[in-house]
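Colleague: The structure is given below, and queries will be raised subsequently.
Where a number appears in this text, it was derived from the coordinates with a stated rule and is not lab data. Quick caveat, the model's predicted, so the values are computed rather than measured. Please note: Cβ atoms are built from the backbone with ideal geometry, for glycine as well, and neighbour counts cover all protein chains shown.
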Amino acid sequence: MKWAYFYNMEQLSVITISFNNLKELQQTCDSVDNQTLPPFEHCIIDGSSNNEISEWLSNTVQPVYRKWLCERDKGISDAFNKGIKLASGSLIHLLNSADIYYSNSVIETVANYFNQNAQTQWISGNIYMKRGGMWVHVGVPFDPKQLYKGMRAVSHPTWFVRKEVYELVGHFSIDIKIAMDYDLMCRLKGEGYAYLNETLIKFDDSGVSTNQYLNSIQENTKVYESYFGYSIAARIWQFRLRILYYLLKSSFGKFLYFIKANYLK
């Protein structure tokens, strides 16, 4: 009955982009396949320079909801956009290869929320990730008044967005190489939003935004000022994030974060 209820209401398209990382993609696919409520479709956008992923997809029995597009792309934003165009569901979730759902009931939880809150256009939740050398649950509600602070733990992997919103605000900019999610968030600020205080994703920290963190916060400031003009507040916040980045690289910084995470909640 719950499956019929879901399909009569919202249809979730999960989109996973991949590049030369079959093992990580398989982990993500397993996470999708183990959900108590399956997605309407799972679209894999593979831009690999070899045939390993395409051969696995073609030569292995896949769920009926899985489909794929294997061709070279122009980067992460282009791959995201291909997935959004391919998707036919009313809801879209971008679940990158190597990221996994935190529990087997995430899709069911999110589907129930949207079914009960038709006015909501997009949501975010909490993410389980490494910070300061330890695994922590991170997440805050989106606040358009604090956009100058960058993503602010409104983690892109936890976003579930109605497809019609992408048609309204536009897709990902292929001219932005790291902060493409933040650029989209600046355009989402006027859309009906809700924070789901649940941990939705276990995050793989080997992606471009992690490996190029300092460049990403600098790009965030450029994106913010392209929409809202020169901002001293954004530049001061960027400086603060840089200091915290270097602090968390040190043993002392990791100790302070351990105290904060465990005793100063």
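Colleague: Summing Lys, Arg as +1 and Asp, Glu as -1, what charge do residues with Cβ under 15 Å from the Cβ of residue 99 carry, residue 99 excluded? Please list the in-between numbers first.
Modeller: Values: positive: 23, 130, 202; negative: 24, 30, 33, 181, 204, 205.
Once all neighbours under 15 Å are counted, the net charge is -3.
Colleague: Further question on the same structure: Per DSSP helix of 4 or more residues, -39500 (n - 2.57); summed, then divided by the residues of the chain. What does that give at 222 nm, rounded to the nearest 500?
Modeller: Numbers: 11 runs with 115 residues, N = 265.
Helices in the chain give a 222 nm mean residue ellipticity of -13000 deg cm²/dmol.
Colleague: While we're looking at this one, here's another question. Could you put 16, 120 in order, starting from the residue whose Cβ has the fewest other Cβ atoms within 10 Å?
Modeller: The most exposed by this proxy come first: 120, 16.
Colleague: What ranking of 240, 187 emerges when the number of other C-beta atoms within 10 Å of each C-beta is taken as an exposure proxy, fewest first?
Modeller: Details: 240 12, 187 16.
Final ranking by Cβ density, sparse to dense: 240, 187.
Colleague: Output the antiparallel fraction of DSSP beta bridges having both residues in the range 2-205, as a percent to the nearest 5. Intermediate values should be presented prior to the final figure.
Modeller: Details: 12 of 33 bridges.
If we restrict to bridges inside the range 2-205, about 35 percent are antiparallel.
Colleague: Moving on. Once the other residues with Cβ under 15 Å from the Cβ of residue 220 are scored (Lys, Arg +1; Asp, Glu -1), what is the net sum?
Modeller: Details: positive: 149, 152, 177, 187, 189, 222, 235, 240, 242; negative: 175, 181, 183, 219, 225.
My count for the surroundings of residue 220 gives +4.
Colleague: Also: Simple spin-label model, 7 Å along Cα-to-Cβ: residue 64 to residue 26 in nm?
Modeller: Output for this residue pair reads 2.6 nm.
Colleague: Assuming a ≥ b ≥ c are the square roots of the Cα gyration tensor eigenvalues, decide whether the range 2-205 counts as rounded (a/c under 1.5), prolate (otherwise, with a/b larger than b/c) or oblate.
Modeller: Values: a/c = 1.37, a/b = 1.20, b/c = 1.14.
Rounded, since a/c falls under 1.5.
Colleague: Exposure proxy check: 91, 57, 188 ranked by fewest other beta carbons within 10 Å? Walk me through the intermediate numbers first.
Modeller: Values: 91 25, 57 19, 188 22.
Going from sparsest to densest Cβ surroundings: 57, 188, 91.
Colleague: To continue, here is another question. Between the range 147-161 and the range 183-253, what is the separation of their alpha carbon centroids in Å?
Modeller: 8 Å
Colleague: I'd like the Karplus ³J(HN,Hα) series for the range 162-170: coefficients 6.51, -1.76, 1.60, θ = phi - 60°, whole numbers in Hz, and an x wherever there's a Gly or Pro.
Modeller: 5, 4, 4, 5, 4, 5, 7, 9, x
Colleague: Compute the signed sum of charges (Lys and Arg +1, Asp and Glu -1) over the other residues within less than 12 Å, Cβ to Cβ, of residue 135. Don't jump to the answer; show the numbers that get you there.
Modeller: Working: positive: 130, 131, 202; negative: 205.
Net charge around residue 135: +2.
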